[in-house]
Amino acid sequence: MLSRMGAAVVAEAVGTFLFFFVGIGAVVAGADLVGVAFAHGLALAVLVSALGAVSGGHFNPAVTVAVRMSGGIGWGAAVIYVLAQLVGAVAAGFAVKAVFPEAAFTAANGGTPALGDGITIAAGIGIEAVLTLLLVMAVFGTAVDPRAPKLGGMAIGLAVAADIMMGGPLTGAAMNPARWFGPAVASGDYTNWYVWWIGPLIGAIVAAVIYRYALAGEAEPEVTPATPDL
């Protein structure tokens, strides 16, 4: 049997892989914006509900950073979580590349997020930051806060779907550095890579600060229901 931390790391890697395999697969398959939004949102809702009890169901380095800032996870565990997420993301990128025809994969650039026409780098970072702010507020408000309603991953998945329907044409609405990293490695396209790292991390940090110091009240935020320790 794996240790509690070992199980959490496996859950983060496998959950991230499944989340992105479905989401990236929808992009490469040519789904429209609504289809892509719901593929991501529904997959995340199911996986957060299924694996949240094991790892907290982050599947996103930005979420892990926010939880770390709230005091819900240690630095060592946070680093291992992020590495597991990146491994799962790269595995998903190459799995999608393996199962789809090369022409479809190339046409969609492997599902790698990209800036839309007329979107500057600064605007892209700002959009990703705001979209991630919404996502992480949903995470804190429905999964991290011990006062949260028991909604499973539904609200978090809906936040992702809503964000993609707004931001998909603008930045790809990754809200997640790993969501960019996996298909970027598989496709070999690292254009404007910093947009999908800086933007989500800014949004996550702002959400963590707002929630911890303005909204949490007497309830100290913590990973729910699992807080793995190294």
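The values are calculated or read from the model by the stated rules, or taken from the named source; none is laboratory data. Note that this is a predicted model, so its numbers are computed, not measured. A quick note on method: Cβ atoms are made from the backbone with ideal geometry, for glycine too, and the neighbour counts reach across all protein chains shown.
Exactly one condition in (1) modelled with pLDDT under 95; (2) over 16 Å from the mean Cα position of the chain (by Cα) is not met by Ala143; state its number.
Here Ala143 meets the rest and fails (2).
Looking at segment 92-101, is at least one residue assigned to a helix (DSSP H, G or I), β-branched (Val, Ile, Thr), surrounded by fewer than 18 Cβ atoms within 10 Å (Cβ to Cβ) and modelled with pLDDT of 95 or more?
yes
How many residues are closer than 19 Å to Thr120 by Cα and buried (at least 21 other Cβ atoms within 10 Å of the Cβ) when one looks only at segment 177-213?
Summing the residues that are closer than 19 Å to Thr120 by Cα and buried (at least 21 other Cβ atoms within 10 Å of the Cβ) in segment 177-213 gives 7.
Restricting to segment 142-166, name every residue that is more than 13 Å from Gly41 (Cβ to Cβ) and buried (at least 20 other Cβ atoms within 10 Å of the Cβ).
The answer is Thr142, Ala143, Val144, Asp145.
Could you count how many residues in segment 135-150 are in contact (Cβ under 8 Å) with a residue 40 or more places away in the chain and part of a helix (DSSP H, G or I)?
Looking only at that region, the number is 8.
Tally the residues that are more than 15 Å from Glu12 (Cβ to Cβ) and not small (Gly, Ala, Ser), restricting the search to segment 37-72.
5
Quick one: would you say Gly57 is among the small types (Gly, Ala, Ser), outside any helix (DSSP H, G or I) and surrounded by fewer than 24 Cβ atoms within 10 Å (Cβ to Cβ)?
Here the answer is no, as Gly57 does not meet what is asked.
Limited to segment 73-130, what total is found for residues that are over 22 Å from Val14 (Cα atoms) and among the β-branched types (Val, Ile, Thr)?
7
Name every residue in segment 70-79 that is touching a residue at least 60 places away in the same chain (Cβ under 8 Å), surrounded by fewer than 20 Cβ atoms within 10 Å (Cβ to Cβ) and farther than 17 Å from Pro146 by Cβ, in order of residue number.
Gly74, Gly76, listed by residue number.
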